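Asker: Okay, handing you the structure first.
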Amino acid sequence: MTHEHLARLLLDAVRAQQFENTPDAQCGGAPLRHFPSIDLAVAVFPHGAPPLWANVLFSREHPQGVIADIGSDASAVRNVRFDADILDAASRSVAWLPEADWSHLAFPRLWGDGPYRFVAPYPASLFKLMVAVGVARAVDQQRCRWDETITQAGSPCSVALCCRDMLATSSNEAATALVALLHRVGALGGHGDALHQTFALYGLPTLAVTGTRADGGWDNAAGGGVGRLQMTAWDTVRLLWLFDAAAPRAPWLAPGTPTLLSMQSAHHLRATLEEQALHVVLSSTALSGEAGWVAGLPARLPERWIDGDGAVHAGDWHFAADVRPAAAAARVRFAHKTGSTENYAADAGIVRDLGRSGTPLRRGHYIIALLSNLGQRHAGGGACVTTWRLPALGRTIDAALWRLLERKPL
């Protein structure tokens, strides 16, 4: 297996889902008018062997997909010009309207000057991963403490609990409190923008948290949101790589570059991501009682979120159907963050073998990230937040990567 083989595997997995047939509520349930934008990246870490990585990108301009050109040091993508997402004067995500004509839209440059253009979809709540890294860095630099009390939605809350609410149940109120904290300690805003200095130091040029306010405002109404909060799949994978304790040293970093996070903060973030309740995009365990359920990446759903009748309650989220059979069948730990709105769906995290009693751990692990414009308007009904094609894609990729990690023929 080579990087090229892995890229071809991802291309085939996306093509097999026939995303061009995805229903669109804004088209009356007919298939969407343009091939969706899908940015998918993985890094695979076989035990005792060099890592493999690949990034593939699909859009209306590239419906057959483009393989990102990534150097032998896993550095930034070289053959793609990433443009930022946009809003129109009415605060609509205008690029994704059925009638949108991209030749008449002025997309600002995000990064790169390659021959292939890709409009990077808004990451939705996946951006909270960047906020969490900023908070962990601030803790390491003694600008704040995990046990420090801050205010979340008018109530006192520790920084650690606020971070869990933001990551595990995607609380917007927690994100607001932590964005305000980052402004207060100089990690966001003004000349002391330590978070963006961090992204530059670690070679992650497409990660951006701009347009946020000192009071914690970060959404469209606050001047942030679409076009100001930006991520791409490959840089998201590499961000996760930097605090993945089981991954080798990041090869794109210069010798002597300090670690992104202390061992303690890295462990805290990974453990918090493993508490994820919203298995609703690449994994779909939380939706397993829904009519027409499609199994996704077979991830563990923490028991803390499952009631005695099998329903899931997590923050403001409620999934009423019994998820216990799917939860019992889980085979992997997925330390991840999801994001979804009407127009967008995203998911990214670290996948490891669950290691159930009596079952040997499989060798190695992988990181995966996906960003798309396949939001709730493409959902399959019920509590779904995206098309069932995305969890199906997650399941397909997971099965293929474990065959690779276990040295079985693909």
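Asker: Given labels modelled 7 Å from the Cα in the Cβ direction, how far is it in nm from residue 222 to residue 89?
Answerer: It is 2.7 nm.
Asker: Which of 22, 285 has the fewest other C-beta atoms within 10 Å, and how do the rest follow up to the most? Spell out each step's value before the answer.
Answerer: Details: 22 20, 285 29.
Listing 22, 285 from fewest to most nearby Cβ atoms yields 22, 285.
Asker: Hey, with R₀ at 22 Å, roughly what FRET efficiency would residue 246 and residue 172 work out to, going by the Cβ-Cβ distance, to 0.05?
Answerer: So, using R0 = 22 Å, E works out to roughly 0.10.
Asker: Collect residues whose amide H, placed 1.01 Å from N in the peptide plane, falls under 5 Å from the amide H of residue 81; neighbours closer than 5 in sequence don't count.
Answerer: Under 5 Å from the amide H of residue 81: 114, 116, 117, 118.
Asker: Going by amide H atoms built from the backbone, whose H comes under 5 Å of the H on residue 54, apart from near neighbours?
Answerer: It is 42, by chain and number.
Asker: By count of other Cβ within 10 Å, fewest leading, how are 157, 162, 384, 27 ordered?
Answerer: With the sparsest Cβ surroundings first, the list reads 27, 157, 384, 162.
Asker: So what are the ³J(HN,Hα) numbers for the range 10-27, from phi and the Karplus equation (6.51, -1.76, 1.60; θ = phi - 60°), rounded to whole Hz, Gly and Pro as x?
Answerer: Using θ = phi - 60°, the values come out as 5, 4, 5, 5, 5, 4, 5, 7, 6, 4, 5, 9, 5, x, 10, 4, 6, 10 Hz.
Asker: Still on this structure: Please work out which option in (1) 37; (2) 63; (3) 42 gives percent of Cα pairs over 30 Å apart calculated from these coordinates, and answer with its label.
Answerer: Computed from the coordinates, percent of Cα pairs over 30 Å apart corresponds to (1).
Asker: In addition: Would you mind classifying the range 210-320 by shape? Square roots of the alpha carbon gyration tensor eigenvalues, ordered a ≥ b ≥ c; an a/c under 1.5 is rounded, otherwise it is prolate if a/b is larger than b/c and oblate if not.
Answerer: In terms of gyration-tensor shape, oblate.
Asker: Add -39500 (n - 2.57) for each DSSP H run of 4 or more in the chain, then divide by its residues: what number comes out at 222 nm, to the nearest 500 deg cm²/dmol?
Answerer: Working: 9 runs with 101 residues, N = 410.
One gets -7500 deg cm²/dmol as the mean residue ellipticity at 222 nm.
Asker: Another question, if that's okay. If you rank 135, 42 by fewest surrounding Cβ atoms within 10 Å, what's the result?
Answerer: The fewest-first ordering by Cβ neighbours comes to 42, 135.
Asker: List, in order, the whole-Hz ³J(HN,Hα) value for each residue of the range 270-285 obtained from phi through the Karplus relation with A = 6.51, B = -1.76, C = 1.60 and θ = phi - 60°; use x for Gly and Pro.
Answerer: After applying 6.51 cos²θ - 1.76 cosθ + 1.60, I find 4, 5, 5, 5, 5, 7, 3, 8, 8, 7, 9, 10, 6, 9, 9, 4 Hz.
Asker: Please list the non-local residues whose amide H lies under 5 Å from the amide H of residue 283, H modeled 1.01 Å from N, same-chain partners needing a gap of 5 or more.
Answerer: Here 297 satisfy the definition.
Asker: Which order do the peptides 178-184, 81-87 take when ranked by the mean count of other beta-carbon atoms within 10 Å per residue, highest first? If you can, show how the numbers build up before the last one.
Answerer: Numbers: 178-184: 23.6, 81-87: 20.6.
The densest-packed peptide leads the list: 178-184, 81-87.
Asker: Could you tell me how far the Cα centroid of the range 195-231 sits from the Cα centroid of the range 154-181, in Å?
Answerer: The range 154-181 and the range 195-231 have Cα centres spaced 17 Å from each other.
Asker: Moving to a separate point now. How would you classify the range 56-141 from its alpha-carbon gyration tensor, with a ≥ b ≥ c the square roots of the eigenvalues: rounded for a/c under 1.5, else prolate if a/b is greater than b/c, otherwise oblate?
Answerer: Here the range 56-141 falls in the oblate category.
Asker: If you take the beta carbon distance between residue 403 and residue 20 as r and set R0 to 25 Å, what does 1/(1 + (r/R0)^6) give as a FRET efficiency, to the nearest 0.05?
Answerer: On the way: r = 27 Å, r/R0 = 1.09.
That pair, residue 403 with residue 20, gives E of 0.35.
Asker: Provide the percentage of antiparallel DSSP beta bridges, counting only those with both residues in the range 3-405; round to the nearest 5.
Answerer: Here the share of antiparallel DSSP bridges comes out near 90 percent.
Asker: Can you compute 3J(HN,Hα) from phi for each residue in the range 328-337, using the Karplus curve 6.51 cos²θ - 1.76 cosθ + 1.60 with θ = phi - 60°, rounded to whole Hz and x for Gly and Pro?
Answerer: Result, ordered by residue: 5, 8, 4, 10, 9, 9, 10, 7, 8, 10 Hz.
Asker: A follow-up question, please. Nearest 0.05, what FRET efficiency do residue 214 and residue 309 give at R0 = 35 Å with Cβ-Cβ as r?
Answerer: Values: r = 44 Å, r/R0 = 1.25.
Efficiency computed from Cβ-Cβ geometry: 0.20.
Values quoted throughout were computed directly from the atomic coordinates according to the rules given, and no laboratory measurement underlies them. The shown structure was predicted, so the numbers you read here are calculated from the model rather than taken from an experiment. Using ideal geometry, Cβ is built from the backbone for each residue, glycine included, and neighbour counts are taken over all protein chains shown.
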